[in-house]
1. Of the lysine pairs in the chain, how many meet both conditions: Cα atoms under 28 Å apart, and a spacing of 8 or more in sequence or different chains?
2. Taking Cα centroids, how far is the range 131-190 from the range 89-108 in Å?
3. Please check: in the Gaussian network model of the chain (C-alpha springs, under 10 Å), which one of V56, V120, V221 has the largest mean-square fluctuation.
4. What length, rounded to one decimal in nm, is gained on full extension from A225 through to Q292, with 0.36 nm per residue of separation minus their alpha-carbon distance?
5. Report the chymotrypsin sites (Phe, Trp or Tyr not before Pro) located in the range 180-212 that are in a DSSP loop and have at most 12 other Cβ atoms inside 10 Å of their Cβ, or state none.
6. Would you kindly state how much longer the chain becomes between D169 and S310 on full extension, computed as 0.36 nm times their sequence separation minus their alpha carbon distance, in nm to one decimal?
7. Using a/c under 1.5 as the rounded threshold, could you call the range 68-156 rounded, prolate or oblate? The axes a ≥ b ≥ c are square roots of the C-alpha gyration tensor eigenvalues, and prolate needs a/b larger than b/c, oblate otherwise.
8. Once the Cβ-Cβ distance between A132 and A190 is put in as r, and R0 is 22 Å, what FRET efficiency do you end up with, to the nearest 0.05?
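A short reminder: the numbers here are calculations on the coordinates, not readings from a lab. For clarity, every value in this text was computed on a predicted model and none was experimentally measured. Counting neighbours? That spans all protein chains shown, and the Cβs are built from the backbone with ideal geometry, glycine included.
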Amino acid sequence: MAGAGLAKLPPMMSNEQAIAVKPSDPPCVLVLGGANMDIAATSAQPLKPADSNPGVIRSSPGGVARNVAENLARLGVATRLLAAVGDDPYGHSLLEATQKAGVDVQGCWILPGKTTSTYVSLHGPAGDLAVAVNDMRILACLTPERLAPRADRVRHAAALVVDCNLTADALAWVFANRGDTPVFVDAVSAFKCPRIAPWLDQVHTLKVNRQEAQALCGFDVQSDADIERAAQWLHTQGVQQVVLSLGARGVYWSDKDTAHGWQGTLPAAVVNVTGGGDALMAGLVHGFMSQQSLAESIPFALACAALTLSAEQANHPGLSVDSVLQLLRSAAK
């Protein structure tokens, strides 16, 4: 996996070395969380348990935080990634691919003796997920002690994006050290999102689905009324902006101080559902960096997601502001 191009990677900082922010540094989005190698196996015929099934196996860079960082860079936003990988072929390959997409990976950690986070999924011939296994133990290495030398970067970022793959201790450190930096949070899963509950009053934008909203709110989120109630409940906890993803239906969005509404998805030739939510988050952050309101950001973010769903991998290599705007113009005809 690790080729000769790895020599072009910048030297990684040591865990103890602080990264200072220079006055001349441009405004930058800092993304902190998971970076995975995604390995997907798709069988040619209906799966037969306890047997060898012929099919196609593909590997590609993934992980919520890493995907968001790549998408932001492709959208022209200056972006830095803070993630941990193992000193192994997958880890070096992840960093190389992420850097080639335009992301600053200098603050990432390469940890000897640790295994790069890996997600392995098995799919039937129609692409339906049969079973998956993830090994994300390396996320536990992002401790407050390891994060401390990056505090200056966190405080001076134009925006900070975190995913709930981070441990509760790491999230506590983020909010204790963010200063005035606005924080965007991807809930990741119903199991992991309760980790963010103690700091909802410091969250600028929270992206959740029904199950994640339900886990945070403590009540069923099924009907339209439930969805609106969940957003309002999150506002009462201090969240400024809520984007509740509804899959093929689109999103319900709500800004605490201004407006709220429903927005449907754009037509898309769906090839792979992995990564659509990460592209949605990148579109929201792009809108924020462009000084757009949430209402203005939502169509662009949904177009980012639609474009990404048409790619085999979790990130569309042709994602750009121009390609997103072209998709929006086509959908408006």
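1. 10
2. About 18 Å separates the Cα centre of the range 131-190 from the one of the range 89-108.
3. Of V56, V120, V221, the Gaussian network model singles out V56 as fluctuating most.
4. Details: separation 67, 0.36 × 67 = 24.12 nm, distance 2.72 nm.
Stretched fully, the A225-Q292 segment lengthens by 21.4 nm.
5. In loop regions of the range 180-212 (DSSP not H, G, I, E or B), the sparsely surrounded chymotrypsin sites (Phe, Trp or Tyr not before Pro) are F191.
6. Length gained between D169 and S310: 47.1 nm.
7. Oblate.
8. Details: r = 16 Å, r/R0 = 0.71.
Efficiency computed from Cβ-Cβ geometry: 0.90.
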